Structures are given as C-alpha cells and as structure tokens.
Amino acid sequence: LCSFLGLLYQEYRDKSTREEIETRRLQDSQTDPEETSPSEETPSEAESTSTTENKAPPQINLLRNSNSRFNLWQDLPEVQNSGVLSILQPDEIKLQEAMFELVTSEASYYKSLNLLVSHFMENERLKKILHQSEAHILFSNVLDVMAVSERFLLDLEQRVEENIVISDVCDIVYQHTVNHFSVYITYVSNQTYQERTYKQLLQDKPAFREVISQLELDPKCKGLSFSSFLILPFQRITRLKLLVQNILKKVEEKSDRESTALDAHKELETVVKACNEGVRKMSRTEQMISIQKKLEFKIKSVPIISHSRWLLKQGELQQMNGPKTSRTLRTKKLFREIYLFLFNDLLVICRQIPGDKYQVFDSAPRGLLRVEELEDQGQSLANVFILRLLENADDREASYMLKASSQSEMKRWMISLAPNRRTKFVSFTSRLVDCPQIQCVHPYVAQQPDELSLELADVLNILDKTDDGWIFGERLHDQERGWFPSSMGEEILNPKIRAQNLKECFRVHKSDDSQRRKLGSRNRQ
C-alpha cells in the first residue's frame, strides 16, 4: 500500500479536507442536498499513485499493481471487474469508500512516519550534532508510534484482502485503540517540550539548522517542513476519529456495524481527550507558576497554584470610577485600568504595578459571578458591562462597571466570566432545530485561552458573533467551544445541509447521550 500511494500524509490530508470543503460548498449551493451524487458526497483522502522506493509493510493483493491510477474503492480494477457495483446499494458503496479511505490514509500516514524516522531521525550527521537527551525529546517514542501504525496497517490490509467488499474496519480500530494507541498519548504529551527544544536547537546550534534545512530540501520531503513531520501523530489520531465518524454516519442504524463503529469512536475519543489533556497539563502548570510570581495580595492571600486550576482569560479592562451621576461627565478620569485573571474556578481582580507585577484587591469564585450588558448609552459607554461578584474577598456582594476595548472583547469577557449565560444562538446540544453554521476554510491557531484552534473542513455551530469580525462557535465533532475570526470560515446557508450535519452529529454522539441519561437518572435517585 505504501509503495502504491504517492502522497505523503500531509499532502493526502490537506487534499482530502479541501475536497470536503468543496463538496460542502457544492451541496450548500444546491436546493436539495439529496441531489448530490455518491462521488460528490464522499470525498476520499487517497489520491496520487506514483511509485516510491520507501520501505513498506507487505502489500495487499488488491493493490499490487502500482500502475493502477485510482483513488476510490469503486475505481479498483478488481472491484469494477467483479460486477459488485451493479449489485450493491448506493449507500453500501458510500460505506465501502469510507472504510477504504481509512485504510489508504493509514498507509499514507505510515509512509510519512517512515520518512521522519529514516530521513531525519536516523541521519548520521544529525545524530552527531544532537545530544542523546535532545534527540529523545525531539523524536520522543516515534519508533513505538510507527510500530503501532505498521501493526494496525497490516491488520487493515489483511481485512481488505479477505474480500473485495470490505466487511468492517471499526472492529480492528477498536482493538488497536484499546490495546496499542496509548503510545499516542505519550508522544503528544511531550509536544510542549518538543516544540521548545526544536526552537532552542535552531537558535543555539547553527549546524543543526543547516542539516535540517538540507534534509527538508530533499525531493522525498516534497517541500514539507521537518516540524510538519513531527506533528503527524497528533494530527493522525484526531483524523482517525473523524474517519470513524464518517463510517458511523453511513452504516445502517441499529446494526452490528453501527455498534462496532460507536465502540471504536468512543475509545478513540478517550485517547484524543487524553492527548489534549497531556498537552494542556504541561503548559498550564508552567503558566500558573509564572502568574503566581507576578501577584501581590492587598487582600487576604489566595493560593493560586492547584492541579485542577487553569487560566481561561487575562487582560486589561477599564473600571468606571465615582458615583452613577458622574456617568454624564465627559472626563478622562471616568475610567481607570484594572487587570483581570480569570481561572476555571476563580476570578482575581488586580491593578498593574511597576516591575510587571499585579496587586490583587478583590477576588471571587467563578460560580458566583454574574454579568449584565448595558443598553446603548452613547459612545463613552459603548462596550460597557456590569460584573457582579455575589460574594467577594470580603464575603459581600460587589459590582464593577467595566469597559472593554471593542464589542468582541466585551462579549468574550462576558461569556468567559459567566459561561452559562444565554448566547445569541442556542447550542445544538439543546436540540434546536436550526442554528447558524460555519465551515472552516482556513486553519486557525488559537492565540488566547478562550479561542478555538480550527482545522480545515471543521463544521461549527455559531453561538454568538460580533460586529467586529469574531465568532463564538461550538465544533460539531467534539463540542469544543471558543472564539475565532469570522474570516476563517464560510457560513453554511442551506438549512437542509445544516439539519443533515446536526442529525449526523446526534447519531455519532448518541452513545454519549444514553450514558448521560443513565448518569442523570442515577444522580436523581
């Protein structure tokens, strides 16, 4: 399979997600989403088929002919010659494509991992430059990850060999996720150290920088950077979950294959969450230590560092001074700067003092915060909101009238301070029939803790939006929420496509829902 596939995983994945975007654009422009043909509806990751000389696991019979030029299951000569396409229902063909895509994408991924190891990690010049500890941080347990991918791919290939019509792949995904995929958690949790070590090496070792640049220029790398290879395992484990979701949307309801796909999806979700948690834990601990050092308490000291606490948002706001009558006074002293540190369970209100320090003068548990937007009261009070502390550091109620620098900044603070407050549009989890949706057409990397990183082709419900170009969204495939620039996406205008996206999402997460209901009834008892 690896020698059959010409694309490295980075190219493969990018091509696939761009096809997904184009497919949705096409569907969105049609009056009836059911008019789309099977080839339009199911984008495939597998593409180019030029032969490469890379080492590969044993090839399967179906794909031994490397001169074949196909990228879909239905284009395989063996499938076309067998006559099964005239027997199978269109829905079964779509399902075959979704399963085939999972197999071919794993082959492409293995090919890229193999290149990371053989071309970079095992390079003799690089080995001489790197200290053993640096090499360990940089490459982590990538050999374990590659061994797991190879074993997984061999089992998938064997399944495809058994019959032209693939019986299932999710049972294999389930077994490997449960028994072997913990290597991904180890690799991804090391990401913060890995990035830092890589930047440090580029900065401190000119010889390292030179060798990496030369290796990147090799035609084998197809213009892709070394760092794009390092991030492969995290991208793959996330993508694998989406590929299983794609299968789950196509299997017949209440069937064995649906049950297997739900099990595989649930296990993959557990691994992905553990990966995310591993990355966050490392960076959060360092961040909390840094914040603790900057705080000086004017009030009774609050211990900041806790294993269960992390920063949600920080920044400067203007606090309105004086009695309410002074609102009408057009004076520069109307507002004075204050600085907020909002954690997942605590708000700390400070004033910035010399030496990059902050003097804390009030605090409150996050659960005892309420916010209220001021109605339009002229330019001087634009973007002003009221923050109420139901119980502050002195065990009394306190109110602050705060002004943000823009409408988006005001909304972002209000949603972070009081997350249960109603947004402009209701979340899909409340089973709303329709809600604005957007699909990501440009990837975005979160710059602040309250922002959401986006991958190409992500579909999100729009929960709120601002006049100055920001959207508060909830991603359908994992229910993660956050802000991002509206320029990163395109709204999905066709209500039928939005409804279809929601229906598919409910189906993927129905096992979660039944568990939540069981838990809820147990709690009530």
Given 0.36 nm per residue, what is the gain on full extension from residue 25 to residue 273 after removing their alpha carbon distance, in nm? 86.3 nm
For residue 199 and residue 86, what is the calculated FRET efficiency with R₀ set at 41 Å and r taken between the beta-carbons, to the nearest 0.05? 0.10
Quick one: check the C-alpha center-to-center distance for segment 367-417 versus segment 182-198, whole angstrom. 39 Å
Förster radius 56 Å - calculated FRET efficiency between residue 165 and residue 406, Cβ distance, rounded to 0.05: 0.50
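Within the set 403/503; 111/254; 465/503; 15/94; 94/266; 249/273, which residue pairs have Cα atoms separated by over 30 Å? Don't jump to the answer; show the numbers that get you there.
On the way: 403/503 40 Å; 111/254 36 Å; 465/503 24 Å; 15/94 19 Å; 94/266 22 Å; 249/273 21 Å.
403/503; 111/254, as the Cα separations exceed 30 Å there.
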Once label points are set 7 Å from the Cα along Cα→Cβ at both residue 158 and residue 300, what is their separation, rounded to one decimal in nm? 6.5 nm
Place a point 7 Å from the Cα of residue 352 in the direction of its beta carbon; the residues of segment 291-324 whose amide N falls under 12 Å from it are 315-318
Of the peptides 221-234, 393-406, 91-104, how do they stack up when ordered by the mean number of other Cβ atoms within 10 Å, highest first? 91-104, 221-234, 393-406
For segment 457-498 and segment 110-132, what is the separation of their C-alpha centers, rounded to whole Å? 40 Å
Computed FRET value (nearest 0.05) for residue 309 with residue 491, which takes r as the C-beta separation and R₀ as 35 Å: 0.45
Rounded, prolate or oblate: which fits segment 155-311, taking a ≥ b ≥ c as square roots of the Cα gyration tensor eigenvalues, rounded meaning a/c under 1.5, else prolate when a/b beats b/c? oblate
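Each reported figure results from applying straightforward, stated rules to the coordinates on display, with no laboratory input. What you see is a predicted model, and the numbers here were worked out from it, not measured in a lab. Positions of Cβ are generated from backbone atoms using ideal geometry, with glycine treated the same way; all protein chains shown enter the neighbour counts.
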